[in-house]
């Protein structure tokens, strides 16, 4: 997005998120067609009519742009402590760009450097047993001591306990919501939500005024798993909504971990099913740390803080921070840079001793 004021673009991305019927795919199509969000917002009616969208959505865009006082809405957003990340900017979580249906924009409350964290997802039944609670307390407390940021959905039961344990252990946590910030769900978690803001962030792809709806929660679950290196399922019945997050993780090529339980408990059936499908059985935190090579990732982050000298270098380093090595085609796909930009940039980075050519199109940080 050369010569584009990214802060200005955010306002117009926000504007499109307020238009009924405009989801992530529609927003991406409209903005791509006009070149940037501001031009799309200001486009005349005849140009909107040319878009390959159904008549209902085109009508909604044309009519609602007139009704929305974008300057006022934007001011209210800022005054309420809500920050916004949009897909094109470098601060958008690189790991989340890897999934095929990444959100075009993310609202958040809190203070977190999204590309400087190692995220791990934890989900569990709303009817958490004493065994499940004890397992979460044991595993999450040790993960946070390793510097891992815990991601969950702030639902009743396992999610809430995971957030609380992370905070009490002095760690960071992120709650991904199925609603906007004006309608926190469940309502009894308002105090927990504030604690999460002070020790991480609340995150949502929905504008603040959006109420929780049934269809929002599967959308939320894909972000929980997409943001995480792996996801742990603590307890879940065989048809639990918790398994939606695990399925999202599998589709996104994330590691899935499952806590075994009693064969007599209905909340052991979900994890047992996942283990049969190939999920990693977890008997201690070491099972997670070893499978995800967490120690190596943490050492890599701490060993050398490389300051990029260009936006292209920053994007490439953001991807290299996530894995021991990456392929050139992965860099092209995740960064959005062209092949020629990637090749010229990594050549300079190799000459400066910032990255290492492993051969076969593979590159790693030094």
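Miscellaneous remarks
- Pick from the stretch 84-107, criterion within 24 Å of residue 317 (Cα to Cα) and assigned to a strand (DSSP E or B), ranking: nearest to the chain's Cα centre (by Cα): 106
- Every residue from the stretch 200-243 that is closer than 24 Å to residue 80 by Cα and more than 17 Å from the chain's Cα centre (by Cα): 208, 209, 210, 211, 212, 213
- Which numbered condition residue 21 misses (of (1) part of a helix (DSSP H, G or I); (2) at pLDDT below 95): (1)
- Residue 247 being without any contact (Cβ under 8 Å) to a residue 24 or more places away in the chain and assigned to a helix (DSSP H, G or I): yes
- Qualifying residue in the stretch 265-277 (condition: assigned by TED's automatic domain parsing to the domain that holds residue 144 and either modelled with pLDDT under 85 or in a loop (DSSP other than H, G, I, E, B) (or both)): yes
- Failed item, numbered, when residue 206 is tested on (1) outside any loop (DSSP other than H, G, I, E, B); (2) modelled with pLDDT of 90 or more: (1)
- The C-beta contact set for the stretch 31-55 (first residue assigned by TED's automatic domain parsing to the domain that holds residue 65 and under 21 Å from residue 20 (Cβ atoms), second residue at pLDDT below 90 and part of a loop (DSSP other than H, G, I, E, B), distance under 8 angstrom, 6+ apart or interchain) comprises 33/51.
- Just one of the listed residues (334, 319) is in a helix (DSSP H, G or I), in contact with a strand residue (DSSP E or B) (Cβ under 6 Å, 6 or more places away or on another chain) and either at pLDDT 85 or above or within 29 Å of residue 232 (Cβ to Cβ) (or both), namely 319.
- Of 119, 181, all but one fail to be touching a helix residue (DSSP H, G or I) at 6+ places or on another chain (Cβ under 8 Å) and crowded, with 19+ Cβ neighbours inside 10 Å; the exception is 119.
- Every residue from the stretch 12-23 that is under 21 Å from residue 83 (Cβ atoms) and surrounded by fewer than 20 Cβ atoms within 10 Å (Cβ to Cβ): 18
- Looking at 135, 155, 193, just one residue is within 21 Å of residue 256 (Cβ to Cβ) and within 18 Å of the chain's Cα centre (by Cα), and that residue is 155.
- Some residue of the stretch 63-76 being outside the structural domain of residue 247 (by TED's automatic domain parsing), surrounded by 19 or more Cβ atoms within 10 Å (Cβ to Cβ) and out of contact with any helix residue (DSSP H, G or I) (no Cβ under 6 Å at 6 or more places or on another chain): yes
- Count of residues meeting criterion [assigned to a loop (DSSP other than H, G, I, E, B) and under 23 Å from residue 243 (Cα atoms)] in the stretch 161-179: 3
- Hits in the stretch 116-160 (condition: in a loop (DSSP other than H, G, I, E, B) and within 20 Å of residue 221 (Cα to Cα)): 117, 124, 125, 126, 127, 128, 153, 154, 155, 156, 157
The values are calculated or read from the model by the stated rules, or taken from the named source; none is laboratory data. It should be emphasised that the depicted structure is a prediction, and the values quoted were computed from it without experimental measurement. A quick note on method: Cβ atoms are made from the backbone with ideal geometry, for glycine too, and the neighbour counts reach across all protein chains shown.
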